[in-house]
Structure formats: C-alpha cells, structure tokens
1. Under 5 Å between amide H atoms, partner at least 5 residues away or on a different chain: which partners does ILE82 have, H built in plane at 1.01 Å?
2. Excluding PHE221 itself, what net charge comes from residues whose Cβ is under 11 Å from its Cβ, given Lys and Arg +1 and Asp and Glu -1?
3. Could you work out how much longer the chain between ALA132 and ALA196 gets when fully extended? Use 0.36 nm per residue separation minus the Cα distance between them, nm to one decimal.
4. How big is the range 149-243 by Rg and Dmax over its Cα atoms, in Å?
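Read-outs: derived from the displayed coordinates by stated rules, not from any lab. This one's a predicted model, so the numbers in the text were calculated from it and none came from an experiment. Every residue, glycine among them, receives a Cβ derived from its backbone with ideal geometry; neighbour counts consider all protein chains shown.
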Amino acid sequence: MQGAVDPRMKRDEDRFHPGSRPSGCLGGDRRHQVYRALKTRALLYRFRPGQHLAIVELSDQLKVSNTPVREALIRLHAEGHIAAVPARGFFARELRLRDMQEIHDLLQILLRHSLDVVVPPASSRLLPDLGAPPLTPCDPRTAIALARRTEALFIRMSRWTGSDVIERNVADLCERTHHVRRCSYRSSDLTGPLYASLAALTCALADGKMGAAALALNDHFRLLEAALPDLVMRALVTSMMHD
C-alpha cells in the first residue's frame, strides 16, 4: 500500500469548478480523487494533444498504484474525454476547431430549449451573481471566475426544463468548453461584449422576459462563434504554458 495521495492531485481536482463534482462522492475516496485529477487534466488540456497516457507514469506522478489510474482512464474513455487504441493504450484527445464548434452549437440548442419550455416562476429565478464588470482583458483568476459563473448560469437555466438528462448534458458541455471559455474572457476584444451579453441575459431572465433572454443568449454565442478559431489556438497555447 502506498502513502497518502500526492497534493498535486488535490490541486488538479480543485482547479475545476465545484459544480462538476458528482454529488455524494467522498472527498477522501482515493479512486474518486484519481479520476477527478485526471479528468481535470484532460478537460484543461494539460496533456499534450495525442500524448500517450502511460499508466505507470501517471501512477508515479500521483503517488498511487496502477489500479485506480487504469480504472480512471477506462472511465474517462467511456465518457469521451480521452481516446483509446487497442493494444496501444490511452491517448489525450486533440483540441479541434470543428469539435468545439459542434459542442458550442449543441450547448446553445439545449439552452434555447430551456428558454422555450416554460417561463419559470419568480421564486426559481434566483441567478448566479456575475460580479462587477471586469477589466479588459481579464487576469487569469478573474477569467476562471467568470467562466465558472457563466457555467453556473447555464446549468441553472437547464434545471428549469425539469429534465435531469438535459441538465446533465448541459453540465457536461460546460465542462468540455471550460478551457476555451476561460480563454475568451482573457481576450481584450471579447471580455466586455461577452460580459454585457450575460448581464443582459441575467436581467431578462430575472424579469421573466424569455424573448429578450433568447436574444441575449444568441448574442453571446454569436460572439463566441466568430472568435472560436482564434480561441482554440489560444487554448492550445495556454494548455502548454499551464497558465
């Protein structure tokens, strides 16, 4: 039996937003910690695109045995976060523009559906606070905070549908776009307009004006769509720099 889990594992786990932690999981559970640490690295592209994820090396880095690492990689592959090649092992996924465009399109469709289903009662329209307008461009810490608040808003909207499936899918898509979203808030051209579109969305939702909310949501994703080619390139660079 090996010693305590490497503190780096806990830091990797904590860097991703708390909403992504499955409910009911014990923080001290070693298998869950290994899974969360590796999932965070995959989602934030801390592995080089196409990198071979050697179980022995990862076990050594995280100071755990091979078994929880192997189990975590199998689970991450089943969830689509990494690739697997028979007889060769597991590999980090590529960050591709087309994939990111499709993910953003699907997220927008689900959020528009959330607005079209029903006008939620005022008692359920308590929304995450976006905070004060950020300086342009954002520093890394502020960009992460804004990305988390954006994701919390989207997940809250998905709950209004009453569908656990839609909520889980929105949460998953938010995870998959988190790294690019962080980069968008560090762009001097995007920070202000993105924040303004979210502020307009929040105000419209709070007032129950679903038509205005749909327009603000469209504006938000239109800004992202136009900037995605540049954002994906920035995301690749920052993933290598470990910003």
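1. HIS77
2. Taking every other residue near PHE221 into account, the sum is -1.
3. On the way: separation 64, 0.36 × 64 = 23.04 nm, distance 1.10 nm.
So the extension gain works out to 21.9 nm.
4. 14.2, 43
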